[in-house]
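Contents: one structure, followed by commentary.
Each reported figure results from applying straightforward, stated rules to the coordinates on display, with no laboratory input. Keep in mind it's a predicted model, so treat the numbers as computed, not measured. Cβ sites come from the backbone with ideal geometry, for glycine too, and all protein chains shown count toward neighbours.
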Amino acid sequence: MIWIFKEGCLVLGLVKVDYKSNEITAIPKLLSRLDIAGAVITIDAMGCQKKIAEQIKQQGGDYVFSLKGNQANLHDDVKTFFYFVFIAGSCLY
């Protein structure tokens, strides 16, 4: 399921996942059916994929992805970023 917030509205999208498949293949199909320009899309950690992020940006949307430790490098980068911004009080960029 994908949650989309656009202009004060909530849109829930749902696409059946093919047998022997998963959300990673279904999410792009669902996104292509929706007008997401100007919307914020939230997707769980399964959908935290470069191609999905690129598709959302190409269609004019923004995203918030859940992130788990199984994507170790990205997880460490995000933890480091938030440490410097919110705990150390400085920013490296």
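Residues being among the small types (Gly, Ala, Ser), closer than 23 Å to Asn22 by Cα and in contact (Cβ under 8 Å) with a residue 12 or more places away in the chain: count how many of those fall in region 35-81. The total comes to 5. Taken over region 22-46, residues that are closer than 13 Å to Leu12 by Cα and touching a Gly at 6+ places or on another chain (Cβ under 9 Å) amount to 10. Looking only at residues of region 19-34 that are part of a loop (DSSP other than H, G, I, E, B) and in contact (Cβ under 8 Å) with a residue 12 or more places away in the chain, we find that the one that is surrounded by the most Cβ atoms within 10 Å (Cβ to Cβ) is Leu34.
The set of residues in region 50-91 that are in contact with a strand residue (DSSP E or B) (Cβ under 8 Å, 6 or more places away or on another chain) and among the hydroxyl-bearing types (Ser, Thr, Tyr) comprises Tyr63, Ser66.
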